[in-house]
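A.B. asks: One structure is given below, represented as structure tokens, and several questions about it will come after.
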Amino acid sequence: MEMPYQHELRCHRGFDLRVWLNNEKNLTTNTCLCPPSFYDNMYQYQNQRMSLSIKFRIVSDSWSTLFAIIISLIDDSEERIIHSYEQFTYLSTRDCKIKFNIYLLYSTRSKNESKNYAIQIDIYEKISFIYRGSLLFPIIFPFLPVHRLAYIVDIPRTNKDIQSCSNSQCIRGKYVKYSNNPKTGNFCQCNPGWSGRYCTIQHTCICSSDSICIGVLANNQSVCVCLINKFGDRCLLVDTICQIDKNLTCQHGGQCVPADEFMTSTKKFVCICPKGYIGDRCEIVDNKIILSFQKSIVLSQSIFIHFIQVINNSAPMRTTTFRTISLIKSSLIVYWSQPFHLVFIELLNKIYYLAVIQKTYERSTIINKTINPTDRCQHINELFNQTFIQMPLLRLIKYYHLPCRNYSSNLSYFYDDLHICLCYNYEKQRLANCFDFNHNMKFDCLGQSVCVNEGQCFQDTSDCPQRAIGFGLSLDPILAYHIQPHINLIHQPNIVKTSFTLTTIFIVAGFINGILALITFNNKTICEVGCGLYLLGSSITTLVITIIFGLKFWKLFLAQMAIISNRLFLQVQCTSLDFLLRICLNMNQWLNACVAIERATTIIKATYFHLLIAIIGTAIYDPFYRRLIDDDNEDDKRVWCIVTYPSSLQIFNSIIHTFHFF
């Protein structure tokens, strides 16, 4: 019996390819195109490997920041060998919902089971090469040949979160703590040209001169991080896609980013669009929604705006944004790029107003809406009597069509603790259509809240969030929100002009008082005793306090009027003025206390110098934790100087304040 011919399977895990070696002689050979997880001549054996699925999250101003992410398989040897790695770019606006699947192989076959292995993730800002941090994930059960691991990685908020520590073993580098385990996890980040656990092994970096070298592979090949327009193992290849006519790439000032070779995409580039534009080339203008509030509506400074998109045969999709509104304003502007059909405004204490309702979504439109008291959504308790209210929700919701019928056209929407309902006409009847609505939406910003002074962090969605910052009751936000930018002092609100007048009077009076006190106590006879020396010092600090307070007020006034906008100048005053003011205030209090102490105890003159050093020492950390932030609403852009202490330092700061006060 003749057996049918069966094709011999050469490649167990891949494609069988025929390669022409010489066309004239018709010389060919067969080879296998296979994934890296298999090896040998027929790729019939599995490699020992790491199979990773990683999703990245970020909460901060880095929503549109391009990152270079390097994922490496390392061991714990003295050489700290990088066995293999993968590098790709990450842009949250594009990749926040993507799970990256990665294979990492060992440099030897089989692996050395006497060593411990780990996954290290290094994160850099792609454009500026600013180091954001590293994370370490140890591999447990190292005897297993294959590991399948899944991680959710939070990209560090800023490089200021990087914690370093001193270690004499780290010879040519610095010790850096891992972001995901700062208490026990740390490593030696080596200087260029050095590698190894303690940076004792010298090597020659073969990356291009405009790139950075962050490590060495087992085959002595450098691991390079390239500029935004370069690629390749050594960053020697140039991608010119973003050098062509801007009208063919990104419009309206969008930033062109070449497509990552790691990503499977038909696009050759990606555009990072400025605020107000969307689209593949930033060619689409966002919807502009101008909301004005009737004077009788009591506004809160913080407002939630809920956008509802109606989807056929699916639950409505909700997206929420957060805005602040000036105390003297009754309107705000919102730019929105996502589709929507309903817009609700939420004020404090769960007070809702319907702002926009449209059956068909139209993009790049301008919507003007005046919110009136009649637009308020009534709670179900205002529509039903107590008998109905006491019913279980499943029974009560059956009667939700009654308010729509009883109030006819005067009622268009209402809500309960779980839903928002709209009244609509159906076959000459007026019925209620309800959808789920979480009134207590609360996200913790992935545990990376940057809000200070008991401010609450808010993110609009759980998977691709943005953040908001809260302020406490200090001079800056209380007064500055009343100062109108680009408006002359004469035309500023009365509260601004009154504050300006009173502050000027106080500064002049304080300056005169300080000069007279300085003249009075600047006497050799008076200064021979401790009391006179302390009073002279108090006169000097009073004069300095008056000058610093005047500079701080004028800086605040001119910056909020947009007369001063230099970022470097604002940063210098942010870190210096409040620090000096704090030192002088504490010094003045202690000098006055020393006057009383001197009556009971003999104090030598040198105490004055020691006291100054001690007071400066209790506040020397303050400038290092001050920074500028941008409060960037569409119709109101401001710059604030804030200070954020770590939790342990907050306790110490409170104790020092209490000590100086008493």
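A.B. asks: Gain in length, residue 40 to residue 399, computed as 0.36 nm per residue apart minus the alpha-carbon separation, to one decimal in nm?
C.D. replies: Working: separation 359, 0.36 × 359 = 129.24 nm, distance 7.16 nm.
Value of the extension gain: 122.1 nm.
A.B. asks: When a footprinting reagent is the concern and you count Cβ atoms within 10 Å, what order do 24, 78 take, fewest first? Write down the numbers at each step before the final one.
C.D. replies: Working: 24 5, 78 11.
In increasing order of surrounding Cβ atoms, one gets 24, 78.
A.B. asks: Can you list the HN-Hα couplings for the stretch 422-428, worked out from phi with the Karplus curve (6.51, -1.76, 1.60; θ = phi - 60°), rounded to whole Hz and with x for Gly and Pro?
C.D. replies: For the stretch 422-428, the Karplus-derived couplings read 10, 8, 8, 9, 9, 6, 6 Hz, x marking Gly and Pro.
A.B. asks: Further question on the same structure: For the stretch 288-436, what is the charge dipole size about the Cα centre, in debye to the nearest 20, if Lys and Arg each add +1 at the Cβ and Asp and Glu each add -1 at the Cβ?
C.D. replies: The calculated dipole for the stretch 288-436 is roughly 260 debye.
A.B. asks: Shifting gears a bit: Taking the Cα of residue 10, stepping 7 Å toward and past its beta carbon, and measuring to each backbone N in the stretch 24-50: which are under 16 Å?
C.D. replies: It comes to 26-35, 40-44, nothing else.
A.B. asks: If you don't mind, there's one more thing I want to ask. Which order results if 405, 94 are arranged by neighbouring Cβ count within 10 Å, fewest first?
C.D. replies: Listed from fewest to most nearby Cβ atoms, that is 405, 94.
A.B. asks: Could you tell me the relative contact order of the stretch 47-238? Use alpha-carbon pairs under 8 Å, at least six residues apart, and round to a whole percent. Mind showing how you got there, number by number?
C.D. replies: Values: 420 pairs, mean separation 39.9, N = 192.
Here the relative contact order equals 21 percent.
A.B. asks: For a quick check: sort 20, 590 by the number of other beta carbons within 10 angstrom, fewest at the front. List each step's numbers first, then the result.
C.D. replies: Working: 20 10, 590 20.
Ranked by crowding around the Cβ, least crowded first: 20, 590.
A.B. asks: Please compute the length gained on full extension between residue 509 and residue 210, using 0.36 nm multiplied by the number of residues separating them and subtracting their Cα-Cα distance. Could the numbers behind the result be given before it?
C.D. replies: Values: separation 299, 0.36 × 299 = 107.64 nm, distance 5.77 nm.
Gain in length upon complete extension: 101.9 nm.
A.B. asks: If you don't mind, there's one more thing I want to ask. For residue 110 and residue 389, what does the FRET efficiency come to when R0 = 56 Å and r is the distance between their Cβ atoms, rounded to the nearest 0.05? Write down the numbers at each step before the final one.
C.D. replies: On the way: r = 71 Å, r/R0 = 1.26.
In this case the efficiency is close to 0.20.
A.B. asks: Moving on. Can you list the residues of the stretch 481-498 with backbone N under 17 Å from a point 7 Å past the Cα of residue 554, pointing along Cα to Cβ?
C.D. replies: 489
A.B. asks: Report the calculated FRET efficiency for residue 18 and residue 64 (r = Cβ-Cβ distance, R0 = 41 Å), to the nearest 0.05. If you can, show how the numbers build up before the last one.
C.D. replies: Working: r = 47 Å, r/R0 = 1.15.
Computed FRET efficiency for residue 18 and residue 64 comes out at 0.30.
A.B. asks: What number of lysine-lysine pairs in the stretch 47-238 show an alpha-carbon separation below 18 angstrom, given a sequence spacing of 8 or more or placement on distinct chains?
C.D. replies: 8
A.B. asks: Using 1/(1 + (r/R0)^6) with R0 = 60 angstrom and r between the beta carbons of residue 490 and residue 381, what's the FRET efficiency to the nearest 0.05?
C.D. replies: Numbers: r = 50 Å, r/R0 = 0.83.
Computed FRET efficiency for residue 490 and residue 381 comes out at 0.75.
Laboratory data are not the source of any read-out in this text; all were calculated from the coordinates shown. Computed from a predicted model, the values in this text were never measured in an experiment. Glycine gets a Cβ as well: all are built from the backbone with ideal geometry, and neighbour counts include every protein chain shown.
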